[in-house]
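I have placed the structure first, in the form of structure tokens, so that the comments after it can refer back to it.
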Ligand SMILES: [Fe+2]
């Protein structure tokens with residue numbers, strides 16, 4: 001049995017291969033955030049997934065949002081972790097985030113049929 005590292009099991013839009021290629025649009029988390037922000041001033045970060053089925057049999061079960069902060073010794077820090085209850089809740093979250101330094105926001109989602117998918121967005125703090 002091949003023991004893959006967890007990181008290699010995370011699909012991204014650019015690295016998805018084989019059957020996962022057709023799932024990219026519906027599974028890659030989309031991050032809406034300003035390209036620049038002032039230090040320690042709250043900015044809105046919205047993360048969505050889909051359109052994707054939202055049934056008990058097939059849904060986005062959770063989202064986690066992380067921040068890779070420039071210059072930090074150990075990355076990333078967790079910004080939020082949210083579980084969803086299909087068909088009642090849709091996989092969409094909005095956060096207010098205060099950042100001290102520039103970095104990259106990463107969103108990670110889990111679909112019970114199609115696994116782990118991540119997306120990212122750079123944010124420059126001035
Ligand atoms: Fe799926």
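FYI, it's all coordinate maths here, none of it is from the lab. If you're wondering where the values come from, they're calculated on a predicted model, not measured in any experiment. Methodologically, a virtual Cβ is constructed for each residue, glycine included, from the backbone with ideal geometry; neighbour enumeration extends over all protein chains shown.
Taking residue 34 as the residue in question, decide whether it is assigned to a loop (DSSP other than H, G, I, E, B) and in contact with a helix residue (DSSP H, G or I) (Cβ under 7 Å, 6 or more places away or on another chain). Against the criterion (assigned to a loop (DSSP other than H, G, I, E, B) and in contact with a helix residue (DSSP H, G or I) (Cβ under 7 Å, 6 or more places away or on another chain)), residue 34 does not qualify. Once the range 47-60 is narrowed to residues that are surrounded by 15 or more Cβ atoms within 10 Å (Cβ to Cβ) and part of a strand (DSSP E or B), the residue that is farthest from the ligand (Cβ to nearest atom) is 47.
Of all residues in the range 8-31, exactly one satisfies the criterion of being touching a residue at least 40 places away in the same chain (Cβ under 8 Å) and loosely packed, with under 12 Cβ neighbours inside 10 Å, namely 9. Regarding the range 102-111, can at least one residue be identified that is surrounded by fewer than 16 Cβ atoms within 10 Å (Cβ to Cβ) and either in a strand (DSSP E or B) or in contact with a strand residue (DSSP E or B) (Cβ under 9 Å, 6 or more places away or on another chain) (or both)? The answer is no, given that none of the residues of the range 102-111 is surrounded by fewer than 16 Cβ atoms within 10 Å (Cβ to Cβ) and either in a strand (DSSP E or B) or in contact with a strand residue (DSSP E or B) (Cβ under 9 Å, 6 or more places away or on another chain) (or both). Just to be sure I understand, how many residues within the range 20-46 are within 16 Å of the ligand (Cβ to nearest atom) and closer than 22 Å to residue 86 by Cβ? Summing the residues that are within 16 Å of the ligand (Cβ to nearest atom) and closer than 22 Å to residue 86 by Cβ in the range 20-46 gives 10.
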